[in-house]
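To start, the structure under review is shown below, and the notes come after it.
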Amino acid sequence: MSHDAMPHPALSRRSQALSGRVRVPGDKSISHRSLMFGGLASGETRITGLLEGEDVLRTADAMRAMGALIERQGDSWVIRGTGNGCLLEPEAPLDFGNAGTGARLTMGLVGTYEMTTRFVGDASLSKRPMGRVLDSLRQMGTQVLEAEAGNRLPITLRGPKHAAPITYRVPMASAQVKSAVLLAGLNTPGITTVIEPVMTRDHTEKMLAGFGAEIEVEKDAEGARHIRIKGQGDLKGQTIAVPGDPSSAAFPLVAALLVPGSDLTIQNVLMNPTRTGLILTLQEMGAEIELMNRRDAGGEEVADLRVRSSKLKGVTVPPERAPSMIDEYPVLAVAASFAEGETVMLGLEELRVKESDRLAAVAAGLKANGIDCTEGDASLSVRGRPDGKGFGGGTVATHLDHRIAMAFLVLGLATERPVTIDDASMIATSFPEFMELMTGLGATIEQRGEAG
């Protein structure tokens, strides 16, 4: 969503039982990477199941601007890539809108090319810190010609004549930083190494290997992962079927747990262990979630999830689980609001630098709807009420954050009074079908008129 568009409020109210079989959009992380690696590989890449949200389409536009041919043919996206090392200097700034993943990964991809690339984004993305990526690129020889205060967009990069391979220990659990360094290593002679003390989603490593990159992963005695990639190798086009996004599945899943009488099946959901923290946590809380038809799809495990309304109890979510569910804490907080007792979520510092300060936004949204919670520096405690008595009636400030918007629309499906969000338009960045999918299951969600 462009930051000057008019906001579109939405409202959700207590719903009848949700039922049906649905598919959620393709995984956002895998969709971004499919377009990037396909655009970089030689030959043809064919993708089905691509998430056609605004964020992912910005990545497609960026790859086109650097020489890749990308077009939609029926249900597939077909890419003819440039070949590794052959990206072209874009003639105009690359506008990533709200897409943090696309922006950070593309900075890594172009940072070791001897060319000048300018990155811009919307109001939300322009507040997000990029220094964690820029620090590693500077070590490889990239010049940062322009950046706003705090290493924020707009940012202009100039790559070196000869990039230097580095060994880089990521200072925080971030799949985006790890991936940016590995992508920079693709156009760098020699071996680039990333040391990852805490494992994060590993789609970059798996997919690069699938495209033919020379990449190896091993653990040291302390359990840290050492990921080594050999630069300037060939990448070959692939056929990719993108599985359903577990972060998107989280919204109908939690809705079905909270709305009495619900019985719902969500098909073809990615079950990569680096992405299933929410399901594990909800099962610990007593959620009835059955994993059916588990199978392999292109090197990733997928399954169908049968979800039935459940009585939940509070738990403590350990900090080491955060990387495997970092995008799901807003909707987990909604589930915790209806759990018996207290749910304590720890290790949430990364939520401060998402599309919004998600930790503050979640706490404010809960309090606006009568839910007892405490926000810490890197924690959130929610004291739930299974009957939801007195909940709802508030308006939630979404701060241009799609996950805040969807989480609080789920909240309103089970509260005594309706819940209003100030803007639903940015939901299209990750889950364009959200409203239609949820109402098709029986959810009561209404778009309001434009806010004047």
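The values are calculated or read from the model by the stated rules, or taken from the named source; none is laboratory data. Everything numeric in this text was worked out from a predicted model, so none of it was measured. Cβ coordinates were reconstructed from backbone atoms using ideal geometry, including for glycine residues, and neighbour counts include every protein chain displayed.
Consider THR117 carefully, then state whether it is hydroxyl-bearing (Ser, Thr, Tyr), crowded, with 24+ Cβ neighbours inside 10 Å and over 20 Å from MET207 (Cβ atoms). It would help to see each step written out before you state the result.
Details: hydroxyl-bearing (Ser, Thr, Tyr): yes; crowded, with 24+ Cβ neighbours inside 10 Å: yes; over 20 Å from MET207 (Cβ atoms): yes.
Here the answer is yes, as THR117 does meet what is asked.
Across segment 131-153, the qualifying residues are those that are over 26 Å from PRO319 (Cβ atoms) and touching a Lys or Arg at 6+ places or on another chain (Cβ under 6 Å), and the one among them that is surrounded by the most Cβ atoms within 10 Å (Cβ to Cβ) is GLN143. Of the residues LEU153, LEU208, LEU186, the single one that is of a type outside the set (Val, Ile, Thr) and under 30 Å from ALA123 (Cα atoms) is LEU153.
What residue, of VAL170, VAL194, is β-branched (Val, Ile, Thr), touching a Phe, Trp or Tyr at 6+ places or on another chain (Cβ under 7 Å) and within 14 Å of ILE227 (Cβ to Cβ)?
Working: VAL170 fails: touching a Phe, Trp or Tyr at 6+ places or on another chain (Cβ under 7 Å).
Exactly one of VAL170, VAL194 is β-branched (Val, Ile, Thr), touching a Phe, Trp or Tyr at 6+ places or on another chain (Cβ under 7 Å) and within 14 Å of ILE227 (Cβ to Cβ), namely VAL194.
Screening segment 384-412 for residues that are over 15 Å from the mean Cα position of the chain (by Cα) and charged (D, E, K, R) and picking the one that is surrounded by the most Cβ atoms within 10 Å (Cβ to Cβ) gives ARG385.
Of all residues in segment 59-115, which are among the aromatic types (Phe, Trp, Tyr) and either at pLDDT below 95 or in contact with a Lys or Arg (Cβ under 8 Å, 6 or more places away or on another chain) (or both)?
Within segment 59-115, the subset among the aromatic types (Phe, Trp, Tyr) is 77, 96, 113.
Answer for segment 59-115, where residues must be among the aromatic types (Phe, Trp, Tyr) and either at pLDDT below 95 or in contact with a Lys or Arg (Cβ under 8 Å, 6 or more places away or on another chain) (or both): TRP77, PHE96.
The requirement of being in contact with a His (Cβ under 8 Å, 6 or more places away or on another chain), surrounded by 18 or more Cβ atoms within 10 Å (Cβ to Cβ) and closer than 24 Å to MET172 by Cβ is fulfilled nowhere in segment 301-318; no residue meets it. Let me spell it out: the conditions are (1) crowded, with 24+ Cβ neighbours inside 10 Å; (2) modelled with pLDDT under 95; (3) more than 26 Å from the chain's Cα centre (by Cα), and THR429 meets all of them except one. Which number is the exception? Against the list (1) crowded, with 24+ Cβ neighbours inside 10 Å; (2) modelled with pLDDT under 95; (3) more than 26 Å from the chain's Cα centre (by Cα), THR429 comes up short only on (3). Here ARG128 clears all of (1) of a type in the set (Lys, Arg); (2) closer than 18 Å to LYS354 by Cα; (3) surrounded by fewer than 16 Cβ atoms within 10 Å (Cβ to Cβ) except the condition numbered (3). Please specify each residue of segment 270-304 satisfying the condition of being in contact with an Asp or Glu (Cβ under 7 Å, 6 or more places away or on another chain) and part of a strand (DSSP E or B). Answer for segment 270-304, where residues must be in contact with an Asp or Glu (Cβ under 7 Å, 6 or more places away or on another chain) and part of a strand (DSSP E or B): LEU270, MET292, ASN293, ARG294. Pairing residues of segment 330-343 that are in contact (Cβ under 8 Å) with a residue 24 or more places away in the chain with residues that are of a type in the set (Lys, Arg) and crowded, with 24+ Cβ neighbours inside 10 Å, at Cβ distances under 6 Å and at least 6 apart in sequence or on separate chains, gives PRO330/ARG403. When we screen THR415, THR374 for residues that are crowded, with 23+ Cβ neighbours inside 10 Å, of a type in the set (Val, Ile, Thr), modelled with pLDDT of 95 or more and not in a helix (DSSP H, G or I), the only hit is THR415. For segment 1-102, the strands (runs of 3 or more DSSP E) that sit wholly inside it and include 1 or more residues that are among the polar types (S, T, N, Q) and either crowded, with 23+ Cβ neighbours inside 10 Å or not assigned by TED's automatic domain parsing to the domain that holds LEU270 (or both) are 10-13, 44-48, 69-73, 76-80.
Give the residue that is surrounded by the most Cβ atoms within 10 Å (Cβ to Cβ), with candidates limited to residues of segment 214-242 that are without any contact (Cβ under 8 Å) to a residue 24 or more places away in the chain and hydrophobic (A, V, I, L, M, F, W, C). Step by step, filter segment 214-242, then rank; the result is VAL217.
Put simply, of GLY190, GLY185 the only residue that is modelled with pLDDT of 95 or more, out of contact with any Leu (no Cβ under 9 Å at 6 or more places or on another chain) and surrounded by fewer than 24 Cβ atoms within 10 Å (Cβ to Cβ) is GLY190.
Identify the residue in segment 260-286 that is out of contact with any strand residue (DSSP E or B) (no Cβ under 7 Å at 6 or more places or on another chain) and surrounded by 24 or more Cβ atoms within 10 Å (Cβ to Cβ) and, among all such residues, is farthest from TYR329 (Cα to Cα). Spell out how you get there, then give the answer.
First, pick out the residues of segment 260-286 that are out of contact with any strand residue (DSSP E or B) (no Cβ under 7 Å at 6 or more places or on another chain): 260-261, 273-278, 280, 284.
Checking the rest, the ones that are also surrounded by 24 or more Cβ atoms within 10 Å (Cβ to Cβ) come to 275, 278.
Numbers: ARG275: 12, LEU278: 8 Å.
Step by step, filter segment 260-286, then rank; the result is ARG275.
Okay, residues lined up against (1) part of a loop (DSSP other than H, G, I, E, B); (2) under 21 Å from ARG14 (Cα atoms); (3) among the aliphatic types (A, V, I, L, M):
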| site | (1), (2), (3) |
| --- | --- |
| LEU332 | no, yes, yes |
| GLU342 | no, no, no |
| LYS367 | no, yes, no |
| ILE404 | no, yes, yes |
| ALA407 | no, yes, yes |
| ALA428 | no, no, yes |
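Could you run through segment 235-272 and say how many residues are among the basic types (Lys, Arg) and not assigned by TED's automatic domain parsing to the domain that holds ILE215? Number of matching residues: 0. Take the conditions (1) among the β-branched types (Val, Ile, Thr); (2) touching a residue at least 40 places away in the same chain (Cβ under 8 Å); (3) buried (at least 18 other Cβ atoms within 10 Å of the Cβ); THR156 misses just one of them, which is (3).
Looking only at segment 153-174, which residues are within 21 Å of ILE326 (Cα to Cα) and modelled with pLDDT of 95 or more? Full working, then the answer.
Going residue by residue through segment 153-174, those that are within 21 Å of ILE326 (Cα to Cα) are 169-174.
Scanning segment 153-174 gives ARG169, VAL170.
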